[in-house]
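The structure appears right after this line, and notes come after that.
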Amino acid sequence: MQFHVPQFIEEEDKIFGPLTLKQFIYIVGSVGAGIVFWSIFPPVIAIFFAIPVNGLAIVLAFYPVNNRPFSYILEFAVKYFMADKLYLWRKEKKKTSTLEEIEVTGRITPPRVSIPKITEGKLEDLSWTIDVKEHAGGIAL
């Protein structure tokens, strides 16, 4: 048996002439917003509001970015600017080699070793761990 394999499944259907359903909704919505602006405001102010709305509708309807609709880009941009951000900054110390240190100072300084402080609680935990391993015959638990 032969089966028909669908082609162009990523492409939206053209419903209203050369326009897809989304494109048609964007254009009709912008025209409707223009009519509302024209009826509420004086013509100069209505044009001032209608031009950006119509421009956004045209971009949303017809301008793809990297073969994806502009609405995806706009959605991701809004999510990015609205989301909380965590900025981390770690200052890295400049590592000098011993040769550079000898040339500059004429001597080598020993590296500083920090010895951790052992509190009584840590010492008890350590002795208990050692005792348990000794009584268990060297088997790590």
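Taken over segment 42-93, residues that are exposed (fewer than 10 other Cβ atoms within 10 Å of the Cβ) and of a type in the set (D, E) amount to 2. Any idea which residue in segment 14-28 is modelled with the lowest pLDDT, counting only those that are assigned to a strand (DSSP E or B) and β-branched (V, I, T)? The qualifying residue modelled with the lowest pLDDT is I15. Kindly check whether there is at least one residue in segment 107-117 that is out of contact with any helix residue (DSSP H, G or I) (no Cβ under 6 Å at 6 or more places or on another chain), assigned to a helix (DSSP H, G or I) and at pLDDT below 90. Looking for residues that are out of contact with any helix residue (DSSP H, G or I) (no Cβ under 6 Å at 6 or more places or on another chain), assigned to a helix (DSSP H, G or I) and at pLDDT below 90, one finds none in segment 107-117, hence no.
With respect to the conditions (1) in a loop (DSSP other than H, G, I, E, B); (2) among the hydrophobic types (A, V, I, L, M, F, W, C); (3) at pLDDT 85 or above, W89 falls short on a single one, namely (3).
The residue that is farthest from N54 (Cα to Cα), counting only those in segment 1-23 that are surrounded by 10 or more Cβ atoms within 10 Å (Cβ to Cβ) and out of contact with any helix residue (DSSP H, G or I) (no Cβ under 8 Å at 6 or more places or on another chain), is K14.
The values are calculated or read from the model by the stated rules, or taken from the named source; none is laboratory data. No experiment lies behind these values; they were computed from the predicted model shown. We place every Cβ from the backbone using ideal geometry, glycine too, and count neighbours over all the protein chains shown.
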